[in-house]
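Just below is one structure, and these are the notes that go with it.
The values are calculated or read from the model by the stated rules, or taken from the named source; none is laboratory data. Model, not experiment: these values are computed from the prediction. Cβ: placed from backbone, ideal geometry, glycine included. Neighbour counts: every protein chain shown.
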Number of protein chains: 2
Amino acid sequence: MAKDQKKQPRPKAETPKGFRDYFGADVTERKEMLDRIAEVYHRHGFDPLETSAVETVEALGKFLPDVDRPNAGVFAWQEEAVPGGGSGDWLALRYDLTAPLARVAAQFRNDLPSPYRRYAMGPVWRNEKPGPGRFRQFYQCDADTVGSASVAADAEICGMLADALEGAGIERGDYIVRLNNRKVLNGVMEAAEVGADQAEDVLRQIDKFDKVGEAGVRQLLTTGRKDESGAEIEGVGLSDAQAAPVLAFLTSKGADNAATLENLRKAVGASAIGAEGVDELAQIADMLAAMGKGEDRIVIDPSIVRGLGYYTGPVFEAELTFEILDEKGRKRQFGSVAGGGRYDGLVERFTGQKVPATGLSIGVDRLLAALRAKGLAGSEAVGPVVVTVMDRDRMGDYQAMAAELRNAGIRAEVYLGNPKNFGNQLKYADKRLSPVAIIQGGDEAARGVVQVKDLILGAKIAAEASHEEWKAQPAQTEVPRADLVAEVRRILG
Amino acid sequence: MAKDQKKQPRPKAETPKGFRDYFGADVTERKEMLDRIAEVYHRHGFDPLETSAVETVEALGKFLPDVDRPNAGVFAWQEEAVPGGGSGDWLALRYDLTAPLARVAAQFRNDLPSPYRRYAMGPVWRNEKPGPGRFRQFYQCDADTVGSASVAADAEICGMLADALEGAGIERGDYIVRLNNRKVLNGVMEAAEVGADQAEDVLRQIDKFDKVGEAGVRQLLTTGRKDESGAEIEGVGLSDAQAAPVLAFLTSKGADNAATLENLRKAVGASAIGAEGVDELAQIADMLAAMGKGEDRIVIDPSIVRGLGYYTGPVFEAELTFEILDEKGRKRQFGSVAGGGRYDGLVERFTGQKVPATGLSIGVDRLLAALRAKGLAGSEAVGPVVVTVMDRDRMGDYQAMAAELRNAGIRAEVYLGNPKNFGNQLKYADKRLSPVAIIQGGDEAARGVVQVKDLILGAKIAAEASHEEWKAQPAQTEVPRADLVAEVRRILG
């Protein structure tokens, strides 16, 4: 037996590559943020849904098996085909929270209310090459309305996103939700007489607007341009007349929503779908105003074009507008933390029936990072009061002290390591970020007192005071045993 | 394109076999219970830990690959070996929360405080044949102390379990934690001169004590017995003198802990390990008494033998003592909802060093079922106030009403389905368990009023009142638009 064990090498104690563990405040801060967001979703009538982490590859859909092992992008495995047991199906970990919603909306369509408002929070998994800041398991936090074609649903989701950001702790003025509509872009394409074959190319150039500006995009849409290195980039080949509506669209943001809408109406020209898109934006803006959500919080901004390929109607993106210092100490805007929009075909894959849906997704890690950068991530990590052990035969006395503190709602624990070296106990309390240590030797026990040591004040004195002052130890006080809880309470403030 | 789609059959919208989805109150009730338990753990100085759902099969350990596909019991898959990407390792979903703790305790042993108190809550996955009430993904809720050999750690965990049950909502008197010690059993085996080769057989017979009683176990340990069908069951072959200490152990529970401990001392005879075990139980009982945890909550009970094979020292099990009705309407005790104990070798597999540990695990689904059976599962599901849509052109007005209610902290939503059929809107409100519906047609809007319909009272009247009374509709009141929030508040109480 011992021989066998020797032969087997010890396993490596390592988190799998691309995965990570969360300790202490990492867990509680995220949880508190998600709790605050869930409260907002709930108040808006959304119900929680927690689907299984595992789906059939067939139901996930995006990764239908066209090779022997359909694991491109997902973690997948094949069940053993066992009578009464495994089905031989390919199973996989969900890669987002939308695909499982589609499955649930189809599976339970006769039981769920329609429209169905649901929120979901939880980990998703991506079988991608891990990199710095790129993990293969991460949290998503979504809210979707399934079964409503009304732009009122889009307006509600959009307004809820603003409330969720404020609920999480982002102050008004520190964020902006920008709103656009895929239908307006479709109208612009129609006005520009861009065919289906060219649409992809045009979209790609539009995406470069932030980088190369109006003149640059004009060149890219028509005859091409030279990039910084001097290399020729081929143009899409539109005429100047064709490029005009596209450029009008990209530069249509006015001083307010009314001006922007007027510019957009011009950009879509005679296109019916374009006019419908502009009307929808106007309706959403009116509804948001009725809800008390002004343009300082949610604004129509046609330059939001990312993701337009995926969505079919209104789209939006939330950006944090305050500056933070990047890793090189340069100021930069925090950027996007959430987005969403209207999409079709959610349930259609399963049932053949079109079911309209609209939803939002918050980038949990990014929003939490933003809250941390602003010092708003919640509960500062405070360790427990540590009851030290001077006399191991009186463990019961020490546990009674911890129990009294806990019953008073104070976080407390007895030192459970080897009590021989008292210095180690204080080092432990230090590592635990303990605010207070309790000390009672045999002498104090006989006199019915305890020593209560203010570790935060003690650390301050040790850092700032002279040796003589430090020796006076004003951070440690002796109180009657019966006053233990009261004295700890006094120190904790 | 359309042709291709036709060829591909529609995917089935099904939760994979053995998995399930949680809706609405199922999610929030479990969450609230776990939040209350986490608060207790935190107050005892335990820190949260959330490990990745995925581990290397090597680190999980129990299922080391001895076949081509090491997936017996776990969901496992092999990474593709790609330069800079997948490692070719076998990965798997965790099957419990203890194996990941072992990996973390080894991996971060230089950074974590020692002893390390941690709690963990989350799903685990088992690749087992699904059955009624047996799922392949379920929640666990653990707390462990790693790195303390002191029985003070066991006493703390044991006491914390009682507090956790009360924190979750189980009343004192409705549960009992029973405490035993593996070392006492080892001492009994020594006193009975049972060798290592027979120990397994003896343990198996001991487990039948509940079923066949003292006389039955005596037969099973010695010459054998007939079961109900008349079939002969072979005995282990101990002499009566050998069986005596084992039976003394099983029947050692006295009127109180002191009496039980005295009986146990006799049962272990001259065994040193047995005496150590009894001493440990005595110390734990003293410490629990010092913490204010009496024998009505935590009691020494040597009949707790389940799991003794796995644990190495003190073990305990929490049982709910109230009666519920089973599926056949018969009264029965609710039974076990949590257990734990001391175990060795946790980190040793990774580092070669023995690290003592003790912990508890609460059966999340069982405890939640118990709370539901007692009507204590928390927030009763209350749906949102539904603002109905009488005039789709005034969607902004309806959304303003919902926004006002939400701003006042009231859960509310606008009906987002097709508003044409008003009956459907009330049916929807019914399905949503809405307490109140808001109605404002063009006439009401012109007069500056809204109709507020008390749906709960309305349902009561419809069920109990005569047709005439019902027609009077006292459950619906007209109030000035400005009084909307106040009126809804009045109805919600």
Checklist entry - Would the range A:317-339 turn up any residue that is more than 17 Å from A:V151 (Cβ to Cβ), surrounded by fewer than 14 Cβ atoms within 10 Å (Cβ to Cβ) and within 14 Å of another protein chain (Cβ to nearest Cβ)? => result no
Checklist entry - Which condition does A:R342 not pass, out of (1) out of contact with any helix residue (DSSP H, G or I) (no Cβ under 9 Å at 6 or more places or on another chain); (2) crowded, with 21+ Cβ neighbours inside 10 Å; (3) of a type in the set (K, R), if it passes all the others? => result (1)
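Does the range A:18-52 hold any residues that are in a helix (DSSP H, G or I), more than 7 Å from every other protein chain (Cβ to nearest Cβ) and in contact (Cβ under 8 Å) with a residue 12 or more places away in the chain, and which are they?
Selection gives A:A25, A:E29, A:R30, A:E32, A:M33, A:L34, A:R36, A:I37, A:A38, A:E39, A:V40, A:Y41.
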Next on the checklist: So, A:F209, is that one among the aromatic types (F, W, Y) and outside the structural domain of A:G269 (by TED's automatic domain parsing) or not?
Outcome noted: yes
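Table: residues versus (1) more than 10 Å from chain A (Cβ to nearest Cβ); (2) in a strand (DSSP E or B); (3) at pLDDT 95 or above.
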| position | (1), (2), (3) |
| --- | --- |
| B:D142 | yes, yes, yes |
| B:T145 | no, yes, yes |
| B:A155 | no, no, yes |
| B:L165 | yes, no, yes |
Checklist entry - Hey, among the residues in the range A:73-132 that are more than 9 Å from chain B (Cβ to nearest Cβ), part of a loop (DSSP other than H, G, I, E, B) and touching a residue at least 40 places away in the same chain (Cβ under 8 Å), which one's nearest to B:E413 (Cα to Cα)? => result A:L97
Item to check | Of all residues making up the range A:357-382, the number that are surrounded by fewer than 21 Cβ atoms within 10 Å (Cβ to Cβ) and either basic (K, R) or in contact with a Leu (Cβ under 8 Å, 6 or more places away or on another chain) (or both) | outcome: 7
Checklist entry - What number goes with the only condition from (1) touching a Ser or Thr at 6+ places or on another chain (Cβ under 9 Å); (2) surrounded by fewer than 20 Cβ atoms within 10 Å (Cβ to Cβ); (3) farther than 25 Å from A:D111 by Cβ; (4) modelled with pLDDT under 95 that B:Q451 does not pass? => result (4)
Checklist entry - Looking only at helices (runs of 4 or more DSSP H) that fall completely inside the range B:393-493, which ones have 2 or more residues that are under 39 Å from the mean Cα position of the chain (by Cα) and over 30 Å from A:E280 (Cβ atoms)? => result B:455-464, B:484-492
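Surrounded by fewer than 23 Cβ atoms within 10 Å (Cβ to Cβ) and within 13 Å of another protein chain (Cβ to nearest Cβ): is that true of A:D393 in this structure?
Numbers: surrounded by fewer than 23 Cβ atoms within 10 Å (Cβ to Cβ): yes; within 13 Å of another protein chain (Cβ to nearest Cβ): yes.
Against the criterion (surrounded by fewer than 23 Cβ atoms within 10 Å (Cβ to Cβ) and within 13 Å of another protein chain (Cβ to nearest Cβ)), A:D393 qualifies.
Whether any residue in the range A:362-373 is more than 30 Å from A:A153 (Cα to Cα) and in contact with a strand residue (DSSP E or B) (Cβ under 7 Å, 6 or more places away or on another chain) is what I want to check.
Our first condition is that a residue be more than 30 Å from A:A153 (Cα to Cα); within the range A:362-373, this holds for A:372-373.
Within this subset, residues satisfying the condition of being in contact with a strand residue (DSSP E or B) (Cβ under 7 Å, 6 or more places away or on another chain) are A:373.
Yes, the range A:362-373 contains a residue that is more than 30 Å from A:A153 (Cα to Cα) and in contact with a strand residue (DSSP E or B) (Cβ under 7 Å, 6 or more places away or on another chain).
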Next on the checklist: Would you confirm whether or not the range B:378-387 contains a residue that is more than 13 Å from chain A (Cβ to nearest Cβ), touching an Asp or Glu at 6+ places or on another chain (Cβ under 9 Å) and not basic (K, R)?
Outcome noted: yes
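Here is a yes/no grid of residues against (1) modelled with pLDDT under 95; (2) within 13 Å of chain A (Cβ to nearest Cβ):
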| position | (1), (2) |
| --- | --- |
| B:A258 | no, no |
| B:A272 | no, no |
| B:E276 | no, no |
| B:L288 | no, yes |
| B:E295 | no, no |
| B:P302 | yes, no |
Next on the checklist: Condition (residue is within 19 Å of A:R366 (Cβ to Cβ) and free of Cβ contacts under 8 Å to residues at least 60 places away in the same chain) applied to the range A:289-305: is it met by at least one residue?
Outcome noted: no
Item to check | Every residue from the range A:174-200 that is out of contact with any Phe, Trp or Tyr (no Cβ under 6 Å at 6 or more places or on another chain) and under 30 Å from A:G375 (Cβ atoms) | outcome: A:Y175, A:I176, A:R178
